[in-house]
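All remarks here apply to the structure that follows.
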Amino acid sequence: MALTLSAVVLFGILAVVLLRGRHVSLGTALVLFLFGFFVAGTGAYKPIYNLCQAIAEALTHLTT
C-alpha cells in the first residue's frame, strides 16, 4: 500500500507538534512561515522544488 502525503501537510503537522511541545515559539514559527512563503515567490523555488523531488524519488527507490 502506497501512502502519498503532501509536503505542505507534512510540514504543517510538524509545525503544530513543535509548537505544542514548546520546542519553538510562536514568533519563530511565524518567521519561518514567512520565510518559506517569500522564498516560494522567488527564483529559488524551482531548484528547491527539484531537490525535494529528487530526495522523494530516492526515498521511494530505497523502500522497493
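The values are calculated or read from the model by the stated rules, or taken from the named source; none is laboratory data. Note that the structure is a prediction, hence the values are computed from the model and not measured. Every residue, glycine as well, gets a Cβ built from its backbone with ideal geometry; the counts of neighbours run over all protein chains shown. These accessible areas exclude ligands, DNA and RNA; they are computed on the full protein's heavy atoms, side chains included. Shrake-Rupley method; radii C 1.70, N 1.55, O 1.52, S 1.80 Å.
Observations on the model:
- The C-alpha atoms of the chain define a longest principal axis, and helix 26-40 lies at about 50 degrees to it.
- Cα long-axis angle, helix 7-20 against the chain (0 to 90 degrees, to the nearest 10): 40
- Between C52 and V24, the FRET efficiency from the beta-carbon distance, with R0 = 35 Å, is close to 0.95.
- Where (i) 18, 14, 10; (ii) 25, 19, 8; (iii) 28, 13, 9 are the candidate values, the label of the one calculated here for semi-axes √(5λ) of the Cα gyration tensor in Å is (ii).
- Surface composition of the chain: carbon and sulfur make up 75 percent of the accessible area, probe 1.4 Å.
- Acute angle (nearest 10 degrees) that the helix 45-63 long axis makes with the longest principal axis of the chain, alpha-carbon atoms: 50
- Solvent exposure of region 1-49, expressed per residue, is 92 Å² of accessible area, with all protein chains present and a 1.4 angstrom probe.
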